[in-house]
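Report on the following structure.
The values are calculated or read from the model by the stated rules, or taken from the named source; none is laboratory data. Quick caveat, the model's predicted, so the values are computed rather than measured. With ideal geometry, Cβ positions are generated from the backbone for all residues, glycine too; neighbour counts draw on all protein chains shown.
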Amino acid sequence: MKTKELIAKGVSLPVMEAFYTIQGEGRFTGHPAYFIRLGGCDVGCVWCDVKESWEAGKWPVLSIEEIVAEVEKYPGKLVVITGGEPLMYDLGPLTALLKQKGFSTNIETSGAHPFSGDFDWVCFSPKKFKAPHPSIYDHADELKVVVFHASDFDFAENHALKVKKSCELRLQPEWSKAEKFTPLIINYSKNHPNWKISLQTHKFMDIP
Ligand code: SF4
């Protein structure tokens, strides 16, 4: 089978990088986790800090067995699939294999493509640059909005209306604008206590 077909079936995927670290953001902040960063993104955020991930063809294509064999070298049982935009791919086969091997599966996604995969935790981080696919709203366990502009508070509230009641709501200052927006986010959370604050703690710890 050709590489393109293997990718379309989700049995091989372009992997930009994969590494064992500490989850720095959101609900699982502080948890040791193995990150799989898939190559490819068509969302185009102006402040993206992994622009090198955008072009999928630049990255080696690995079979899901090869990907999971690397994960198994580490003691942690939490796997975070991120990107790029990981939902550009069918994540069913990779997550099925991870679950079969006893791993917990998390995803970080902008939701810009149809949902796929078997995840224990779905962190949905919508972006203004490409509208989410409607399939994400029923799956999101956490809505994490990166605040880069004052209008992002309204953007966050509009998405909060569409997610499930149990979905946890978080606002996170964009790193380069943190000085400006962190005080506003603190104030917003105090006045709208259904919103919690997420910080990019891995950047403070200087870990990937
Ligand atoms: S969705 Fe993520 S990877 Fe894609 S452009 Fe936005 S921040 Fe970058």
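At-a-glance table
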{"quantity": "Residue match in segment 157-170 (condition: more than 17 Å from PHE28 (Cα to Cα) and in contact with a helix residue (DSSP H, G or I) (Cβ under 8 Å, 6 or more places away or on another chain))", "calculated": "no"}
{"quantity": "Residue that is under 23 Å from ALA112 (Cα atoms) and out of contact with any Ser or Thr (no Cβ under 6 Å at 6 or more places or on another chain), where the choices are GLU85, GLU55", "calculated": "GLU55"}
{"quantity": "Count of residues meeting criterion [more than 7 Å from the ligand (Cβ to nearest atom) and within 14 Å of the chain's Cα centre (by Cα)] in segment 28-46", "calculated": "10"}
{"quantity": "Hey, ASP49 surrounded by fewer than 19 Cβ atoms within 10 Å (Cβ to Cβ), under 23 Å from GLU174 (Cβ atoms), within 16 Å of the ligand (Cβ to nearest atom) and at pLDDT 95 or above or not", "calculated": "no"}
{"quantity": "SER135 vs. criteria more than 12 Å from the chain's Cα centre (by Cα), under 26 Å from LEU97 (Cβ atoms), more than 16 Å from the ligand (Cβ to nearest atom) and not in a loop (DSSP other than H, G, I, E, B)", "calculated": "yes"}
{"quantity": "Residue among ILE64, ILE7, ILE22 that is in contact with a helix residue (DSSP H, G or I) (Cβ under 6 Å, 6 or more places away or on another chain) and more than 16 Å from the ligand (Cβ to nearest atom)", "calculated": "ILE64"}
{"quantity": "Exclusive hit being crowded, with 22+ Cβ neighbours inside 10 Å, in a loop (DSSP other than H, G, I, E, B) and not hydroxyl-bearing (Ser, Thr, Tyr), set GLY24, GLY30, GLY111", "calculated": "GLY111"}
{"quantity": "Complete set of residues in segment 60-91 that are surrounded by 15 or more Cβ atoms within 10 Å (Cβ to Cβ) and assigned to a helix (DSSP H, G or I)", "calculated": "ILE64, ILE67, VAL68, GLU70, VAL71, PRO86, LEU87, MET88"}
{"quantity": "Hits in segment 171-207 (condition: closer than 19 Å to PHE28 by Cα and loosely packed, with under 13 Cβ neighbours inside 10 Å)", "calculated": "ASN194, PHE204, MET205, ASP206, ILE207"}
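Condition check ((1) farther than 22 Å from GLN200 by Cα; (2) in contact with a helix residue (DSSP H, G or I) (Cβ under 9 Å, 6 or more places away or on another chain); (3) of a type in the set (D, E, K, R); (4) in contact (Cβ under 8 Å) with a residue 60 or more places away in the chain) across all residues:
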residue: GLU85; (1), (2), (3), (4): no, yes, yes, no
residue: THR109; (1), (2), (3), (4): no, yes, no, no
residue: SER116; (1), (2), (3), (4): yes, yes, no, yes
residue: HIS139; (1), (2), (3), (4): yes, no, no, no
